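What follows is calculated from the coordinates using simple rules that are stated; it is not laboratory data. These numbers were taken from a predicted model, which means no experiment stands behind them. Because the Cβ atoms are built from the backbone with ideal geometry, glycine has one as well, and the counts that use them run over all protein chains shown.
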């Protein structure tokens, strides 16, 4: 919860510099986005933690129990709130997770350049964006470690896989949220 408070304070500090420019954005929705993404990341961490100490090789069923629920929850958050929510990475396994535009590429570059940066806001023609880093944990290395040690199901299912050779603490990717601006949302 301390990270959420810290993120909210950073957001408020950034936000205070241009209140007029952000007038169409509901502050409650901004806070909700941070909370939802923090809960999503806690879910990811908890599910990935179930792999620690396991002597069994991960299978497609492992993927369905550990990684897939995070993607489904991200989709549910998007539907429930009228946002876009996705996971994004330069070293992606699923081609749907590659950056979609220059803003996502710049956000990943910011996280890479500033390892202590946990999240930040940006406003552009698509709405208000929230980017939140995802770091590699020890449990992630079961599937994202050395290229040659990836489970066979990954090598088969994702022949163009780029999501390997990570070390603990590396930037794995980010969550990207787009919140349509209030007047744009009302036009729909």
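So for each of 89-100, 152-163 I average, over its residues, the number of other beta carbons within 10 Å; can you give me the resulting order with the highest mean first?
Ranked by mean Cβ neighbours within 10 Å, highest first: 89-100, 152-163.
What is the packing order of peptides 61-69, 109-117, 166-174, taking the mean over residues of other C-beta atoms within 10 Å and listing the highest first?
My ranking of the peptides, most packed first, is 166-174, 61-69, 109-117.
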